[in-house]
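The values are calculated or read from the model by the stated rules, or taken from the named source; none is laboratory data. From a predicted model like this one, the values you see are computed outputs, not experimental measurements. Cβ placement follows ideal geometry from the backbone for every residue including glycine, while neighbour counts extend to all protein chains displayed. What goes into the accessible areas is simple: the full protein's heavy atoms, side chains included, and nothing from ligands, DNA or RNA. Shrake-Rupley method; radii C 1.70, N 1.55, O 1.52, S 1.80 Å.
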Amino acid sequence: MSQTDFMPLEGWDALELYVGNAKQAAYFYEHAFGFTPTAYAGPETGVRDRASYVLEQNEIRLVLTSGLDPESEIARFACAHGDGVKDVSLRVPNAANAFAEAVARGARGVAEPRRLEDEHGSVELATIATYGDTVHTFVERSAYTGPYLPGYVSTASNGSAASGIGLQSIDHVVGNVELGRMDEWVSFYERTMGFTELIHFSDEAISTEYSALMSKVMTGGEGKIKFPINEPAEGRRKSQIEEYLDFYGGPGVQHLALATEDIVRTVDGLRERGVRFLVATPGAYYEDAARRVGSIDQSWADLQRLGILADRDDEGYLLQIFTATAQDRPTLFFEVIERHGSRGFGEGNFKALFEAIEREQALRGNL
Ligand code: FE2
């Protein structure tokens, strides 16, 4: 059975992070990442237990939520995991159907289908659990014209988001799960949502001297949605996935990859605004990269100046860079990616990337 038979997905809806202090996190994502605050819900709008800030940049929507009650699920999440991704929500034509199909195929329901309404129309939401405390909310919003969801007020001065620094869309969302559990979650996405496996990395391909991981990429929504899933593999030293699991307190979202059409401009903008990236890519990487990747539209001098990585496969090439972790715990980070035909994930960069991550892990004394 193909995915569209039972689980049509229109695309990403939003990434909601539960954080310790949403007001300050929103300031960071606005000023460092170039997002525009577009909507808000909290005590001032009649919501008693939380404050939520919606930020947008082109097709990307982030929601930052903190709990106002120490006993709330939001506050408990932020205490257990640190700031992290709670909800990877997906736009669907019919949320009740998506929920019923997923649950019939073995997904655990978290919130039954519910309809929310205000003067802008109505939305239908339904939520299922995935790895750890992470969830997927199915969002049906074709009958809604307001800012984000009923209960939110607009905070965008001209009614819409600015184009920011060129972050365009969500490319993929990566989950880290425990040793031996990757195939369970691969099968979860196949069974409950009709996803298919895109690429398989063997652990030799991405192991380094000190740590290793296994990764499989699940894709759905006719290729629009991509979920790589990592698990730790045996290494001589502690795997970086293991470090994540220890500090996050279990499985969760490892990184959010955001696509740009001009990575040099975007990364220049991020650096100017104070975003930190993984430790500098060695100069030798670029001598080798030019031979490995061949001719590209961008200047190698720009890529080297900014530390941007390049990789090529049969279909084309891609450019990518990874930020340092976005909070004190060594957990969630971001990737910026520009694709030119390649539908891969930078396999040729995995070794270079993970060695760079491990240099930072060593600095924290966790290697
Ligand atoms: Fe990635």
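Things to note:
- Remark: spin-label model distance Arg191-Asp313 equals 2.7 nm, labels positioned 7 Å along the Cα→Cβ axis.
- P(r) of the range 120-186 over all Cα-Cα pairs, binned every 5 Å from zero, in whole percent: 3, 11, 14, 16, 18, 16, 11, 7, 4, 1
- Vicinal HN-Hα couplings computed from phi for the range 268-275 (Karplus, 6.51 cos²θ - 1.76 cosθ + 1.60; Hz; Gly/Pro x): 4, x, 5, 5, 4, 8, x, 5
- Helical mean residue ellipticity (222 nm; -39500 (n - 2.57) per DSSP H run of 4+; nearest 500) of the chain: -8000 deg cm²/dmol
- If the segment from Ser154 to Asn21 were pulled out straight at 0.36 nm per residue, it would be longer than the present Cα-Cα gap by 45.9 nm.
- Ordering 312-322, 147-157, 284-294, 77-87 by mean Cβ neighbour count within 10 Å, with the highest value first, yields 77-87, 312-322, 147-157, 284-294.
- Using alpha carbons only, the radius of gyration of the chain set against its Kirkwood radius gives Rg/Rh = 0.95.
- Difference of contour (0.36 nm per residue) and Cα-Cα distance, Ala280 to Glu59: 76.6 nm
- Carbon/sulfur fraction of accessible area - the range 92-231, other protein chains in place, 1.4 Å, %: 48
- Annotation: lysines with alpha-carbon distance below 30 angstrom to Lys238 (same-chain offsets under eight excluded): Lys86, Lys216, Lys226, Lys351.
- Here the alpha carbons of the range 3-154 define both size measures, Rg and Dmax, at 15.2, 43 Å.
- R0 of 56 Å, Cβ-Cβ distance Ala111-Arg265: FRET efficiency to nearest 0.05: 0.90
- For the range 167-364, the spread of Cα coordinates along the three principal axes comes to 43, 40, 32 Å, biggest extent given first.
- Distance from the C-alpha centroid of the range 162-182 to that of the range 292-347: 14 Å, rounded to the whole angstrom.
- Rolling a 1.4 angstrom probe over the protein heavy atoms with all chains in place gives the range 167-364 an accessible area of 40 Å² per residue.
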